[in-house]
Amino acid sequence: MRRVTIREVAALAGVSPSTVSRVLNGKDAGHMRPETKERVLAAIEALDYTPAKAA
């Protein structure tokens, strides 16, 4: 099975890959609207995204 990328999560959520990265790394406080974070988290769940262990 092919791994899902941050770019695919970003495309589904309608945000940039850096926004997805901020959410994943917990650096989203004060940098984005709560609705945006919710969209990113929903896209992560919908695509069953898991970060690469080497990253």
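For the listed peptides 8-18, 30-40, a ranking on the average number of other beta carbons within 10 Å per residue, highest first, reads 8-18, 30-40. Cα axis of helix 34-47 to longest principal axis of the chain: angle in degrees, 0 to 90, nearest 10? Around 10 degrees separate the two axes.
Each reported figure results from applying straightforward, stated rules to the coordinates on display, with no laboratory input. Owing to the predicted nature of the structure, the values given are computational and were not obtained by experimental measurement. Methodologically, a virtual Cβ is constructed for each residue, glycine included, from the backbone with ideal geometry; neighbour enumeration extends over all protein chains shown.
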